[in-house]
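Taken together, the values in this text are just the output of simple stated rules run on the coordinates, not laboratory data. A quick note: this is a predicted structure, and the numbers were derived from the prediction, not measured. Glycine also receives a Cβ, built like all others from the backbone with ideal geometry; neighbour counts cover every protein chain displayed.
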Amino acid sequence: METKINNNKIIKDDRNKKVEAHGGGFIKKDDYFYWFGENRLGIKKVTCYRSRDLKNWEYRNDVLTLTSPTEKHYIDTDLDLNPFDDADKKFDCGATIERPKVLYNEKTRKYVMWMHYENGRDYSCARAAVAVSDTVDGDYTYLGSFRPQNYMSRDCTLFKDEDGTAYFISAARNNADLHIYKLTDDYLNIEDTVNKIWINKYREAPALIKRGQYYILVTSGCTGWTPNQGKYGYTADLEGDWSELFDLGDETTYDTQPTYIIEIEGANTGYLYVGDRWDGEEYHNSEYKFLPLEVSVDKENVSVKLMWTEKVNIDFEAGKIY
Ligand code: GAL
């Protein structure tokens, strides 16, 4: 199967509605790619779509909403997704949930979502939030928001290693540093802070892949909705030393901010960069860009190149993106 995605076309779902899944995360199950993202049309929610070819998207469910079931799982957490509901109607469309990412836990057979939580009014909470479901696109149960080991936590991502160990990576200390947290076996909690990287470098919008022996982390700088120079760095040990940062794409990362890297596994593994092209004035006009990410790794060198192309071709059998 081959797909051609036109980056200049608005992505619509099977209902002919614009796909609302900003700051998105993806997970593959059976023949489908599931796309989760921020939906701020009206009442804020996390919406899930699925596609076999990454081009035709089927709306599946609003998987997390203000009326999602909640469960008290942690000792110290805030289960409220609508903090200003009655006091001030201006803010009655709920908490701001950003960059939702989902992993499947083989042991508990549950899908676990981690995301960034803010109160809907400002960015002062700096918390992570967690939700869980028995099915990939079912109704997620909200487990609440908190600061991982008391650190501020904003832009974030999840990563599952080959042995099933999972990590939550998020911007800490007012975005100055990136923290890597190891998750507990059930992925529902932080086991420990295992690394603090690129101290004082203000990197955010993290997306992590593993190629060969290297973990490669793509990030943006910290300029709100305005695009900036993307950079990547790498390590052979998530808990050890990391490389310095290297430029990715042009000085605005082709007017995008990273949100996820989809692996296309065929004869080879291809990498599809997914970025948000934000419209800071009118959030709902923000777009998604799918771009080829060329990753080459040998014993000593890691090189990552992001290319702009209006039309991106995906050859699923070959695992090739061009
Ligand atoms: C960006 C961040 C987005 C959103 C935005 C708000 O830096 O990556 O997810 O939080 O700031 O200004």
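When the listed pairs 72/101; 29/182; 12/196; 28/299; 160/289; 18/72 are checked against a 27 Å cut-off, the alpha-carbon distance exceeds it for 12/196; 28/299; 18/72.
Annotation note: trypsin sites (Lys or Arg not before Pro) in segment 205-312 located in DSSP loop regions with a Cβ neighbour count of at most 14 within 10 Å are 299.
In order along segment 286-301, phi translates into HN-Hα couplings of 5, 10, 10, 10, 10, 10, x, 10, 8, 10, 10, 9, 10, 4, 10, 10 Hz, rounded to whole numbers, per the Karplus curve 6.51 cos²θ - 1.76 cosθ + 1.60 with θ = phi - 60° and x for Gly and Pro. Each residue of segment 47-56 was assigned a 3J(HN,Hα) from its phi angle through the Karplus curve 6.51 cos²θ - 1.76 cosθ + 1.60 (θ = phi - 60°); the sequence is 10, 10, 10, 9, 7, 8, 10, 6, 10, 9 Hz, with glycine and proline shown as x.
Electrostatic bookkeeping for residue 156 treats Lys and Arg as +1 and Asp and Glu as -1; over the other residues with beta carbon under 15 Å from its beta carbon, the sum is +3.
Remind me, what semi-axes does segment 2-321 give for its equivalent ellipsoid, largest first in whole Å, using sqrt of 5 times each Cα gyration tensor eigenvalue? List each step's numbers first, then the result.
Values: eigenvalues 149, 108, 78 Å².
They are 27, 23, 20 Å, listed from largest to smallest.
Relative contact order of the chain, please, whole-number percent, based on alpha carbon pairs below 8 angstrom and at least 6 residues apart.
Numbers: 868 pairs, mean separation 41.0, N = 322.
It rounds to 13 percent for the chain.
Separation of segment 1-33 from segment 188-230 is 24 Å, based on Cα centroids. Spin-label pair residue 310-residue 186: with each label point 7 Å from Cα along the Cα-Cβ axis, the two points sit 5.2 nm from one another.
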